[in-house]
1. Every residue in segment 11-34 that is modelled with pLDDT of 90 or more and loosely packed, with under 10 Cβ neighbours inside 10 Å, please.
2. Taking the condition of being under 22 Å from the mean Cα position of the chain (by Cα) and exposed (fewer than 10 other Cβ atoms within 10 Å of the Cβ), how many residues in segment 50-60 meet it?
Amino acid sequence: MSPTPPPIWRVTNFAAKYIKMFSTGQLIFAAIFFIAFVIVIFYSYRKDIVLHRKYYKGSLYVLIGFIFFIIFLFVVKEFLQR
């Protein structure tokens, strides 16, 4: 009996199987597109940061409220299942 491979091997084997679907040119294009997309998004955000501070003031509190609400729902669900 051979020992079972570690989990990381299964992940890389899974990725290697699906990378073969794309040609080298397609993978290079995807990488360049992703890098360019991230740069453009970052640049746009930096350009509009003054407007974001003006119009979205207090939105952090709304986000924190949603997070606490989701945690509350999870706690209630766990409590009711026991």
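The values are calculated or read from the model by the stated rules, or taken from the named source; none is laboratory data. Since we're looking at a predicted model, the values are computed, not measured. As a convention, Cβ positions derive from the backbone with ideal geometry for all residues, glycine included, and neighbour counts pool all protein chains shown.
1. Within segment 11-34, GLY25 is the sole residue that qualifies.
2. Qualifying residue count for the region: 1.
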